[in-house]
Amino acid sequence: MPRTDPPLAAPAVLVLTLAAGVAAGPAAAHEIASEATCASTGKALVHDCTFTLTDAANGAPVEDAAFTVHPMMPSMPMAHNVRPVEAVPGDAPGTYEARIPLEMTGTWRLELRLTAPHEITLGNRLDFTE
């Protein structure tokens, strides 16, 4: 089940576990789990996030993934127009980084839309306090 940790005092470090998803298409039934750590950059409403993707069955890092992060505010659908951010590979196997600019504090859904190694969407709600 998805987990959202409570917001922390500044400097904010937010940790969430994104729900495991199932790849699209009957031939590719792979589950991928994702964990994200987001920290304030010191600039208002801008967060550096690191995503760790693992094979949900065996915990192995998912390498060579390609995805964009789509921030959405569930309480205000269609009210915000935050552009998707492309994630880039991080230093460790299975890690990816993205700088996420938000328009306001509150509960946001960070949706990961993978195109490789499988087409899959992962996401969860997270409270950003700064």
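Structural remarks
- Taking label points 7 Å from Cα along the Cα-to-Cβ direction, THR68 and GLU119 give a separation of 1.4 nm.
- Using the Cβ-Cβ distance between THR105 and GLU35 with R0 set to 25 Å, the FRET efficiency works out to roughly 0.65.
- Electrostatic bookkeeping for TRP108 treats Lys and Arg as +1 and Asp and Glu as -1; over the other residues with beta carbon under 10 Å from its beta carbon, the sum is -1.
- Of the GluC sites (Glu not before Pro) found in region 59-105, those that fall in a DSSP loop while having at most 16 other beta-carbon atoms within 10 Å are GLU63, GLU103.
Just so you know, all these numbers are worked out from the coordinates, no wet-lab data involved. Here the structure is a predicted model, which means the values were calculated and not measured. Note that we place each Cβ from the backbone using ideal geometry, even for glycine, and neighbour counts take in every protein chain shown.
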